[in-house]
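Each remark here refers to the structure printed beneath this line.
The values are calculated or read from the model by the stated rules, or taken from the named source; none is laboratory data. Just so it is clear, the model here is predicted, and its values are computed rather than measured. Note that each Cβ is placed from the backbone with ideal geometry, even for glycine, and that neighbours are counted across all protein chains shown.
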Amino acid sequence: MKIQLRSNSKPMRAAWYERQGAARDVLTLGDMGDPQPLPGEVRIRVAASGVNPGDVKKRDDAFGVGMPYPRIIPHSDGAGTIDTVGEGVSREWIGRRVWCYGAQSYRPFGTAAEFTVVPLEQAAPLPETVSVEQGACLGIPGITAHRAVHVAGPVEGRTVLVQGGAGAVGACAVQLAHRAGAQVIATCRSESDKKIASNAGADEVLLTDEKLVERIKRLAPDGIHHIVEVAFAANIKIDIEVLAQGGSIAAYATNVPTMGIPVWQLCFINARIFFIGSDDIPTEAKIEATGAINQALEAGWQGLEIAKTFPLEAIAQAHEFVEHPTKSGRVIVMM
């Protein structure tokens with residue numbers, strides 16, 4: 001992946017790492033040449049950068065894939081203003097507020113910098129009523145949620161269970177499934193989280209306790225048609241118990257990376273299972289997702305809870321907060 005840097009221009013402030021490890025050990029703050037957009041790309045003056053759990057895991061090499069590039073500016077999501085465009089992109093984009101996704105997906109330089117460069121299709125208009133902080137929340141959670149809700153087909157008139165409905169992906173999934181015409185049941189781990197899922201549009205919010213299966217079956221006696229799953233290994237037994245014949249599960253995360261799957265039980269109900277990786281969702285599905293997310297925001301959805309914001313100089317503390325949160329919500333780094 002080529003990123004064109006201009007060394008003779010005014011340097012930009014950025015955070016980066018050249019080896020993986022603990023945030024305080026590897027994250028560096030300094031100046032580097034500002035990036036220039038290649039054909040089909042736009043450059044965004046970043047105002048806010050969203051920190052996703054995946055960004056933290058990449059920095060710490062949790063997936064065991066090593067350093068894909070010699071130097072990485074972290075974070076895939078952000079929001080700001082387009083200030084220049086590459087060949088083939090209309091100059092009408094210059095000056096527009098946008099939110100972006102995938103800035104550090106198969107690319108070395110993400111949004112933890114004063115500027116980032118992405119293909120035009122990865123920059124979505126930011127509605128005027130939406131703050132840049134909220135815009136920086138939307139990328140990976142929103143696109144993952146949209147894919148997880150719709151990957152098995154239309155959900156209008158169907159019953160959707162969102163496991164972990166107070167998390168970033170979960171709350172987005174609740175809102176998007178609700179807007180798509182589904183009856184939405186969400187689960188949460190605590191009473192304090194129930195309000196988040198309810199505000200996102202859940203018809204019912206249930207606590208994850210020993211009576212969960214009983215309460216789900218009471219709400220959906222014919223079974224759940226589709227499940228959006230945050231903890232595949234932990235919840236697969238529950239999911240099988242409540243899933244309707246021919247129902248589907250879309251798993252975007254798991255608490256255990258390697259597990260046994262109860263194949264026969266899944267066969268008996270003709271279940272379909274989809275695994276969702278946000279970086280590799282088809283391009284057309286990502287574009288559809290950005291449109292649906294913006295429609296939800298323009299219709300009055302307040303978006304995601306923000307737990308805390310940090311200045312770029314405190315990016316290590318931002319990563320540590322994601323690793324050990326003291327409250328629910330998204331973490332944002334401000335430029």
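Report yes if Ala171 is modelled with pLDDT of 95 or more, hydrophobic (A, V, I, L, M, F, W, C) and more than 15 Å from the chain's Cα centre (by Cα), otherwise no. In short, no.
Checked against (1) among the β-branched types (Val, Ile, Thr); (2) assigned to a helix (DSSP H, G or I); (3) in contact with a Gly (Cβ under 7 Å, 6 or more places away or on another chain), Val184 meets all criteria but (2).
Condition check ((1) farther than 16 Å from Glu204 by Cβ; (2) out of contact with any strand residue (DSSP E or B) (no Cβ under 8 Å at 6 or more places or on another chain); (3) charged (D, E, K, R)) across all residues:
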{"site": "Glu156", "(1), (2), (3)": "yes, yes, yes"}
{"site": "Leu161", "(1), (2), (3)": "no, no, no"}
{"site": "Gly164", "(1), (2), (3)": "no, no, no"}
{"site": "Ala168", "(1), (2), (3)": "yes, no, no"}
{"site": "Gln175", "(1), (2), (3)": "no, yes, no"}
{"site": "His178", "(1), (2), (3)": "no, no, no"}
{"site": "Gln183", "(1), (2), (3)": "no, no, no"}
{"site": "Ala186", "(1), (2), (3)": "no, no, no"}
{"site": "Ser192", "(1), (2), (3)": "yes, yes, no"}
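Of all residues in region 90-121, how many are of a type in the set (S, T, N, Q) and surrounded by fewer than 23 Cβ atoms within 10 Å (Cβ to Cβ)? Adding up the residues that qualify gives 2.
Just one of (1) of a type in the set (Ser, Thr, Tyr); (2) in contact with a helix residue (DSSP H, G or I) (Cβ under 7 Å, 6 or more places away or on another chain); (3) at pLDDT below 95 fails for Thr326. It is (2).
Does region 300-323 hold any residues that are polar (S, T, N, Q) and either in contact with a helix residue (DSSP H, G or I) (Cβ under 7 Å, 6 or more places away or on another chain) or more than 15 Å from Arg24 (Cα to Cα) (or both), and which are they? Within region 300-323, Gln302, Thr309 meet the criteria. Residues that are within 19 Å of Thr159 (Cβ to Cβ), of a type outside the set (A, V, I, L, M, F, W, C) and assigned to a helix (DSSP H, G or I) within region 195-220 comprise Ser198, Glu214, Arg215, Lys217, Arg218, listed in sequence order. Comparison of Ala289, Ala314, Ala318, Ala307 shows that the only residue that is within 25 Å of Arg45 (Cα to Cα) and touching a Pro at 6+ places or on another chain (Cβ under 8 Å) is Ala307.
The number of residues in region 199-223 that are closer than 25 Å to Lys327 by Cα and touching a residue at least 12 places away in the same chain (Cβ under 8 Å) comes to 11.
The set of residues from region 181-196 being touching a residue at least 40 places away in the same chain (Cβ under 8 Å) and either surrounded by fewer than 21 Cβ atoms within 10 Å (Cβ to Cβ) or within 14 Å of the chain's Cα centre (by Cα) (or both) comprises just one member, Ser192. Checking each residue in region 39-66 for being loosely packed, with under 15 Cβ neighbours inside 10 Å and in contact (Cβ under 8 Å) with a residue 40 or more places away in the chain picks out Pro39, Gly40, Asp61, Gly66.
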